[in-house]
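Written below as structure tokens is the structure these notes are about.
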Amino acid sequence: VSERRSLVGKPAEVIVTPALVLDPDALEANLTLMAEGFRGRPCRVRPHFKGHKCVTVAHRQLAAGSIAGITCAKLAEAEQCVAGGVRDVLVANQVVGEEKTRRLAALNRGATVRVAVDSLDNIAELGEAARQANVTIGVLVEVDIGMARCGVRPGPETLALAEVVTATEGLRFDGLQGYEGHAVMIPDPEERRRRVVEAMGPLTETRRALEAAGMPVRIVSGGGTGTYDSTGKIEGIDEVQAGSYALMDAAYKKVRPEFAVARTVLTTVISVQDGYAIADVGSKGVGCEFGPPSVADHPEAEVVKVSEEHVKVVGLRARVGDRVTLIPSHGCTTNNLYRKMYVVKGGRIEDVWPIEGSGCVE
Ligand SMILES: Cc1ncc(COP(=O)(O)O)c(C=O)c1O
């Protein structure tokens, strides 16, 4: 808090690098664009927390409108969201084991924190934890719609698990989750749309089968930044779990140019050698799962090598001490590496936001 007070209003030059920097105007533009796209439609957005892990950003998303609640990948993220005042969370993942199911149940004392399931054992332990805590946990059965990660097959397998959830005291069957993660990054928009329709068909058919079998489905949740528009228009899909759209990254910028890059990593050049410069961040400070970071505002420059604490940049005229702004290829893992984001507007520090979910991988 005292660091924040001493920094607000100061020029961005005082930021010690490497540091995560947020452009608040770009963030607001992204949130507005997403909210507008869903206005007046039955489908809502349930923004994924994992892309920024920052409770302040989550509240901005809730305020932007068209929102069902927040999605989290992990229990520990959900704990941060609830502690920060978010009242409706979906853990779009399996929460397994006595300790974690007990913590999930405890969260439901003050908020609605739903969870995805895909196994009988997990359903049983969730029911036990809910009964012990004297709460009801809302459950979505996860359906594998082509990504081949978690989830049971659509149709009878899903119906069978939904029946068990319905019959388990302490649990409430709320619906289905199906994430078309295999489609979100397909570069060609037409091909991406086609794969979305193909993936979502069995999910919405399963919804109808559940309803026909007398099991009301309140929520069918799926979708990401790459597919938000097509998934969000499919009848029978209630929520889109897009997350990356808020802050964006270099990989998603290629697929979704309509959203602005709001998150960058500010670095300092620490060495200039014949034909290249070295900046003071490496894979421990910038998510590189989709390749090396891009150099902002310098299309002529290229990061050609990333090691733990260094990036090697060619094509950049730089001197030792110069600031270089990098755009991570993968934003979600980048935010996991920092405990705060500097909100910078017009070259001045406007605020410093904590990244409460940083390191929350349990
Ligand atoms: C379950 C789930 N839902 C939604 C998303 C969407 O996130 P993004 O907006 O980054 O595409 C992800 C990303 O990995 C996910 O795992």
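Among the strands (runs of 3 or more DSSP E) confined to the range 261-355, there are none with at least 3 residues that are on the phi > 0 side of the Ramachandran plot and without any contact (Cβ under 8 Å) to a residue 12 or more places away in the chain.
Taken over the range 146-192, the criterion of being outside any loop (DSSP other than H, G, I, E, B), of a type in the set (K, R) and more than 30 Å from Q132 (Cα to Cα) is satisfied by R192 alone. Filtered by the rule that a residue be more than 15 Å from V261 (Cα to Cα) and of a type in the set (A, V, I, L, M, F, W, C), the range 290-332 gives F290, A301, V303, V304, V306, V311, V313, V314, L316, A318, V320, V324.
Examine the range 165-173 for a residue that is of a type outside the set (A, V, I, L, M, F, W, C) and within 16 Å of the ligand (Cβ to nearest atom), and state whether such a residue exists.
no
Within the range 76-101, the set of residues being crowded, with 16+ Cβ neighbours inside 10 Å and in a helix (DSSP H, G or I) comprises A76, E77, A78, E79, Q80, C81, V82, K100, T101. Flag set for A130, criterion: buried (at least 23 other Cβ atoms within 10 Å of the Cβ), away from the ligand (no atom under 16 Å from the Cβ) and touching a residue at least 40 places away in the same chain (Cβ under 8 Å).
Here G236 meets the list (1) within 14 Å of the ligand (Cβ to nearest atom); (2) on the phi > 0 side of the Ramachandran plot; (3) not aromatic (F, W, Y) almost entirely, failing just condition (1).
Here's the yes/no breakdown for (1) in contact with a strand residue (DSSP E or B) (Cβ under 9 Å, 6 or more places away or on another chain); (2) within 28 Å of L62 (Cα to Cα); (3) at pLDDT 95 or above:
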| site | (1), (2), (3) |
| --- | --- |
| T231 | yes, yes, yes |
| E235 | no, yes, yes |
| V240 | yes, yes, yes |
| R263 | yes, yes, yes |
| G285 | yes, no, yes |
| F290 | no, no, yes |
| D297 | yes, no, yes |
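The residues in the range 220-249 that are in contact with a Leu (Cβ under 9 Å, 6 or more places away or on another chain) and surrounded by 20 or more Cβ atoms within 10 Å (Cβ to Cβ) can be counted, and the count is 10.
Restricting attention to the range 227-243, the residues that are within 19 Å of D188 (Cβ to Cβ) and outside any loop (DSSP other than H, G, I, E, B) add up to 4. Being part of a helix (DSSP H, G or I), away from the ligand (no atom under 16 Å from the Cβ) and either modelled with pLDDT of 95 or more or within 15 Å of V184 (Cβ to Cβ) (or both) is a condition met by at least one residue of the range 212-226.
The values are calculated or read from the model by the stated rules, or taken from the named source; none is laboratory data. These figures come from a predicted structure and were not determined experimentally. Glycine also receives a Cβ, built like all others from the backbone with ideal geometry; neighbour counts cover every protein chain displayed.
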